[in-house]
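Student: What follows is a single structure, and I will ask about it in a moment.
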Amino acid sequence: MTKGLAGQRVVVTGAAGGVGRALVGMLLRERARVCASDVNINIGMFPDSGEGLVTVAADVSLVADVEAICVKAETAFGGVDALVSNAGYIVSKPAHETTDDEWDAMMNVNARSLFLLSRRLIPGMLRQRSGVIVATGSISSVVGLPGQAGYAASKGALLQLVRAMAIDYAARGIRVNAVGAGSIDTPFLQRYLDGLPDPAAAKREIQAAHPMNRVAEPEEIASAIRFLLGSESSFVTGHILMADGGYSAR
């Protein structure tokens, strides 16, 4: 028997972007309680959110900011049942053109943040013997793509962290999974395209590379995350759910 997410206390990072905003709206409609975080966020981004939402402006690559997110959620809701580590950052360059700062930024936002948030929240989940962690991975977690040396490395690291934590906590009531997203029609994709010589041509190529001949809508990826949060996936852990329009099946 499946249960909805009403009353569940969920931390969502990267909540001001396309997927994050769609997911927060989805969770609030199910009457979950959400602590939404992003570097630039405010309660006005989520109309009719009611009392089930709190927001935190924070940089998930910083220990102090991660602590602020977790304290805000715990103070508002009395604890945390689920974490969605959704914040992401990309620079479109091959390895020899990637600077130290660019490499560090991608590793910190895409991979280190999952570690920091999980390390902080898992003790509470262990005490209550239940918890769910979902990370937003990528097709770049499992395949090599041109101009994505740092991004692919960070998303690959994220996936391996998901798998390791899933094994560590499987018998202790905590599930850990990832969504392997294909390209999504969001400002994040546009920022990636803007870093390429011919953004319009690159977008056409990206669409054609997906067997469905299109990119995803934010709500489609949010729905995949929602599935991994819920009791419908209660026997799923250590898994990357490829929501990529068939890209990785080639």
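The values are calculated or read from the model by the stated rules, or taken from the named source; none is laboratory data. Note that the structure is predicted; figures quoted are calculated from it, not measured. Every residue, glycine among them, receives a Cβ derived from its backbone with ideal geometry; neighbour counts consider all protein chains shown.
Student: Condition (residue is within 27 Å of S231 (Cβ to Cβ), part of a helix (DSSP H, G or I) and of a type outside the set (D, E, K, R)) applied to region 77-84: is it met by at least one residue?
Tutor: yes
Student: So is V63 surrounded by fewer than 21 Cβ atoms within 10 Å (Cβ to Cβ) and among the β-branched types (V, I, T) or not?
Tutor: yes
Student: Tell me, which residue of region 160-201 that is touching a Ser or Thr at 6+ places or on another chain (Cβ under 7 Å), surrounded by fewer than 21 Cβ atoms within 10 Å (Cβ to Cβ) and of a type in the set (A, V, I, L, M) is farthest from A95 (Cα to Cα)?
Tutor: A170
Student: Residues of region 209-226 being in contact with a helix residue (DSSP H, G or I) (Cβ under 8 Å, 6 or more places away or on another chain), closer than 14 Å to G246 by Cα and not in a loop (DSSP other than H, G, I, E, B), which ones?
Tutor: A209, I221
Student: Looking at region 176-209, which of its residues are at pLDDT 90 or above and either closer than 27 Å to I133 by Cβ or in contact with an Asp or Glu (Cβ under 6 Å, 6 or more places away or on another chain) (or both)?
Tutor: V176, N177, A178, V179, G180, A181, G182, S183, I184, D185
Student: Another question, then. I'd like to know if region 25-42 contains one or more residues that are in contact (Cβ under 8 Å) with a residue 60 or more places away in the chain, part of a strand (DSSP E or B) and among the polar types (S, T, N, Q).
Tutor: no
Student: (1) at pLDDT 95 or above; (2) under 22 Å from G180 (Cβ atoms); (3) touching a Leu at 6+ places or on another chain (Cβ under 9 Å): which one isn't true of S140, the others all being true?
Tutor: S140 satisfies every listed condition except (3).
Student: What are the pairs with Cβ atoms under 8 angstrom where one residue, in region 229-250, is charged (D, E, K, R) and the other, located anywhere, is assigned to a strand (DSSP E or B)? Sequence gap at least six, or different chains.
Tutor: D244/G180; D244/A181; D244/A216
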